[in-house]
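Asks: Have a look at this one.
FYI, it's all coordinate maths here, none of it is from the lab. Please read these numbers as outputs of a predicted model, since none were measured by experiment. All Cβ positions, glycine included, derive from the backbone under ideal geometry; neighbour counts span all protein chains shown.
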């Protein structure tokens, strides 16, 4: 079965409780269920993961780098979007498209959030669309 990896970075495990005025009340579990349903509808497995640790995210990217069943990666690197050259470099190893997703729109927030180390390696970016951004990311990968 073809697979899409959905990676989530630090503090996203706190969705629904963390700054609901910015991120809403949807939990990461809710987003996972939406992604899994979209994948199942298309006949694809969704491998959904979250870590607060940069190295773990890098390890997971490297782990799937040569998976012949992988069709793409959706990543919300959260705060690591703005700081992680390591995640940027790991994503460059992949042989499949990468989609960057953000629940809020970082470009409308604090200046330090305006820089993305993920965007240069992404084939598409969906930001400020809440959980719908994940579904748009999956749809983008399925259409390629």
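Asks: Check residue 17 against each of (1) more than 17 Å from residue 77 (Cβ to Cβ); (2) not in a loop (DSSP other than H, G, I, E, B) and name the one condition it does not meet.
Replies: Evaluating residue 17 over (1) more than 17 Å from residue 77 (Cβ to Cβ); (2) not in a loop (DSSP other than H, G, I, E, B) leaves (2) as the failure.
Asks: Just to be sure I understand the filter: pairs with C-beta atoms under 7 Å, separated by 6 or more residues or on different chains, first member in the range 101-115 and in contact (Cβ under 8 Å) with a residue 40 or more places away in the chain, second member surrounded by 13 or more Cβ atoms within 10 Å (Cβ to Cβ) and assigned to a helix (DSSP H, G or I). Which pairs pass?
Replies: 103/23; 103/133; 104/23
Asks: Which of the residues spanning the range 107-144 are touching a helix residue (DSSP H, G or I) at 6+ places or on another chain (Cβ under 6 Å) and closer than 22 Å to residue 30 by Cα?
Replies: Matches in the range 107-144: 125, 126, 131, 134, 135, 138.
Asks: A further question on this structure: Starting from the range 56-78, keep only residues that are without any contact (Cβ under 8 Å) to a residue 40 or more places away in the chain, then list their pairs with residues that are surrounded by 14 or more Cβ atoms within 10 Å (Cβ to Cβ) and assigned to a loop (DSSP other than H, G, I, E, B) whose Cβ atoms are within a distance under 8 Å, requiring at least 6 positions of separation or different chains.
Replies: Final answer for the pair search is 65/94.
Asks: In the range 28-47, which residues are touching a helix residue (DSSP H, G or I) at 6+ places or on another chain (Cβ under 8 Å) and more than 16 Å from residue 142 (Cα to Cα)?
Replies: Listed by number, the residues that qualify are 28, 31.
Asks: So, one more: I'd like the residue in the range 125-144 that is touching a residue at least 40 places away in the same chain (Cβ under 8 Å) and in a loop (DSSP other than H, G, I, E, B) and, out of all such residues, is farthest from the chain's Cα centre (by Cα).
Replies: Checked the range 125-144; the qualifying residue farthest from the chain's Cα centre (by Cα) is 144.
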